[in-house]
1. Kindly provide the set of residues from segment 153-177 that are surrounded by 13 or more Cβ atoms within 10 Å (Cβ to Cβ) and over 15 Å from Ala210 (Cα atoms), ordered by number.
2. May I ask you to say which residue of Gly227, Gly232 is under 20 Å from the mean Cα position of the chain (by Cα), part of a loop (DSSP other than H, G, I, E, B), at pLDDT below 95 and surrounded by fewer than 17 Cβ atoms within 10 Å (Cβ to Cβ)?
3. Return a yes/no flag: does segment 157-169 have any residue that is at pLDDT below 95, under 14 Å from the mean Cα position of the chain (by Cα) and in a helix (DSSP H, G or I).
4. What pairs come out if I take residues in segment 26-54 that are at negative phi and at pLDDT 90 or above and pair them with residues that are surrounded by 21 or more Cβ atoms within 10 Å (Cβ to Cβ) and part of a strand (DSSP E or B) whose C-beta lies under 6 Å away, six or more apart or interchain?
5. I'm trying to understand the selection: among the residues of segment 201-213, which are in a loop (DSSP other than H, G, I, E, B) and either of a type in the set (Asp, Glu) or within 24 Å of Ser25 (Cβ to Cβ) (or both)?
6. Only one residue in Ala157, Ala163 is within 18 Å of Asp124 (Cα to Cα) and without any contact (Cβ under 8 Å) to a residue 60 or more places away in the chain, so which one is that?
7. Select from segment 56-82 the residues that are touching a strand residue (DSSP E or B) at 6+ places or on another chain (Cβ under 7 Å), surrounded by 17 or more Cβ atoms within 10 Å (Cβ to Cβ) and at pLDDT 85 or above and list them in ascending order.
8. Could you tell me whether Ser216 is closer than 19 Å to Gly53 by Cβ, touching a residue at least 12 places away in the same chain (Cβ under 8 Å) and surrounded by fewer than 21 Cβ atoms within 10 Å (Cβ to Cβ)?
Amino acid sequence: MALRGPLSRLLRFTLSSCQQNRSHSVAVLGAPFSKGQKRRGVEHGPKAIRDAGLVERLSNLGKYIIKSIANARFEKGGKKVRQKMGSNPGRSITTFILLANLILLLSHSIILKTLGIQYFSMRDIDRMGIQRVMEVTLDHLLARKQRPIHLSFDIDAFDPSLAPATGTPVNGGLTYREGIYVTEEIHNTGLLSVMDVVEVNPTLGATPEALEATTSLAVDIIASALGQTREGAHITFPKIPEPKEDTELRL
C-alpha cells in the first residue's frame, strides 16, 4: 500500500535532501516578453524583480551556487528564443528560475477543464484550506512516481492589496501566508526543477511603494520555494547565557 499524506512527503523530502548534498546551483534567467495581450509593461518585470534583490536574497540562503544569466532574446514576435545557458560544473544539480511574462489569450480555467487537469479554485481553498489543497495536490502528482516539478507562479494569484503592480488584479486572491505555504510545500518535496514567476508589471504600479510591494513579494515566493523559512534569522550561541545573579522574576 502506498504511503500518502504528510508522512509520505516527509520521507520523500528526507531522501531528496540526501541527494542534494551534491553541489546545487540556481540559474536566474529573465524572459522579457509581452506579446499576446494589449497591456505593455510586463517585459520590464524580470529587471524589476532582479532590482528588488533577488540574487542577493538567494545568495544569503547559503545553500546554492547562484548563476544570474542575461535575459533571453526573442526574435520574430517571440517565435524563437536565443539564450546560451552554459554548462553545469561537474555533477551539480541546477534549478532554473525563469522571470517570465508570457501571456495566454485563453482563460486558464478553460484550458484546464478542456485538458482534464485537476485544479483548485479560490472557493476550493476557502472550503478545504491551503494545507489540505497542497496535500491533495502533491499526492496526486507524486503518489505513483517522483518527477521533477515545474512551478509556474502568477503574481496576480495574490490579492491586489499584496501585489498591485500587475495587469489582472482580482479581489479575494491568495493571502501572503497561503502563497508562501504553497512554495514551502513545493520546496519540501525536494523535486523543484524549474520555477517561473510571471505577471509583474512595473508600469502598472500606481506608486513606487506599489511596485516595491509587488517585486518584494515575488522575491519572497522565489526564496521560499528554495528553502527560505519563516522562522527568521537566529543568532548562534556557543552556549546558553547564564542569568545574572540579581535577576528576579517580577509579576
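1. Hits for segment 153-177 are Phe153, Asp154, Ala157, Gly173, Leu174, Thr175, Tyr176.
2. None of the other options fit; the residue is Gly232.
3. Looking for residues that are at pLDDT below 95, under 14 Å from the mean Cα position of the chain (by Cα) and in a helix (DSSP H, G or I), one finds at least one in segment 157-169, hence yes.
4. Val28/Ile97; Pro46/Gly30; Pro46/Leu99; Ile49/Leu99
5. Matches in segment 201-213: none.
6. Ala157
7. Residues satisfying the conditions are Leu58, Tyr64, Ile66, Lys67.
8. yes
The values are calculated or read from the model by the stated rules, or taken from the named source; none is laboratory data. Bear in mind that the values here come from a model prediction, so they are computed numbers and not experimental data. Positions of Cβ are backbone-derived with ideal geometry, glycine not excepted, and every protein chain shown enters the neighbour counts.
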